[in-house]
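One structure is given below, encoded as structure tokens.
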Amino acid sequence: MGCCGSKDLKTHFLDESVDLSLLDEVLDKYKSVKGSLITILQYAQETYGYLPLSVLEHISNETGINSSQTYGVATFYTQFRLKPVGENLIMLCKGTACHVNGADGIEEAITEELGIHDGETTEDDLFTLNNVACLGCCSLSPVMMINGETYGSLTPQKTKDILRGIKKESLALKEGN
């Protein structure tokens, strides 16, 4: 497996069978460009929704960048995900204004309603919770964003009601109603 605990490191990555040819265009364009690893990883995540292990290994092989460097960048920057996110991505603001105005209570409500904590996805893959430093909506604090839609002036009950409504809509779409 190599040195430096690479066997242990690989247990942190979810891997699925993916079409690596989807990276051909970006790799052809950037594989020889020094300092382009982050650009390639961003494209890969946009393409697959996260960074599967096979994708990281493919990027390393094609660019000639040591796999430990590729893994290091993917695990260092919080923008990169090593696991798929749920259908509905909840970004909960934990910035100063939101913190002071009750973001911790909102997080507790999300955990009670969905059974997940920061960085986790519900078993049905409907929701993923990500705490973020700031959403820039301080006047609406506490605030969360779900799939790009902002929900402000939250209370624990309002948060649960929003989540229940989104879950109901998501399930109805899956059933074709």
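Quick look at the values:
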{"quantity": "Residue match in segment 22-43 (condition: in contact with an Asp or Glu (Cβ under 8 Å, 6 or more places away or on another chain) and of a type in the set (G, A, S))", "calculated": "no"}
{"quantity": "Sole exception among (1) modelled with pLDDT under 95; (2) of a type outside the set (V, I, T); (3) not in a helix (DSSP H, G or I) for K174, by number", "calculated": "(3)"}
{"quantity": "Matching option when the condition is more than 30 Å from E175 (Cα to Cα), in contact (Cβ under 8 Å) with a residue 12 or more places away in the chain and not assigned by TED's automatic domain parsing to the domain that holds L53, among G95, G152", "calculated": "G95"}
{"quantity": "Criterion: modelled with pLDDT under 95 and among the β-branched types (V, I, T) - qualifying residue of T39, T70, T78, T63", "calculated": "T78"}
{"quantity": "Top-ranked residue in segment 153-177 [being within 21 Å of the chain's Cα centre (by Cα) and of a type outside the set (K, R); ranked as farthest from E87 (Cα to Cα)]", "calculated": "T159"}
{"quantity": "Within segment 24-60, considering residues that are buried (at least 20 other Cβ atoms within 10 Å of the Cβ) and closer than 26 Å to T121 by Cα, the one nearest to the chain's Cα centre (by Cα)", "calculated": "L51"}
{"quantity": "Close pairs from segment 155-168: first at pLDDT 95 or above, partner assigned to a helix (DSSP H, G or I) and surrounded by 13 or more Cβ atoms within 10 Å (Cβ to Cβ), Cβ under 6 Å, at least 6 apart", "calculated": "P156/G105; P156/A109; T159/I106; T159/A109; K160/A109; K160/E113; L163/E113"}
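The values are calculated or read from the model by the stated rules, or taken from the named source; none is laboratory data. From a predicted model like this one, the values you see are computed outputs, not experimental measurements. Note that we place each Cβ from the backbone using ideal geometry, even for glycine, and neighbour counts take in every protein chain shown.
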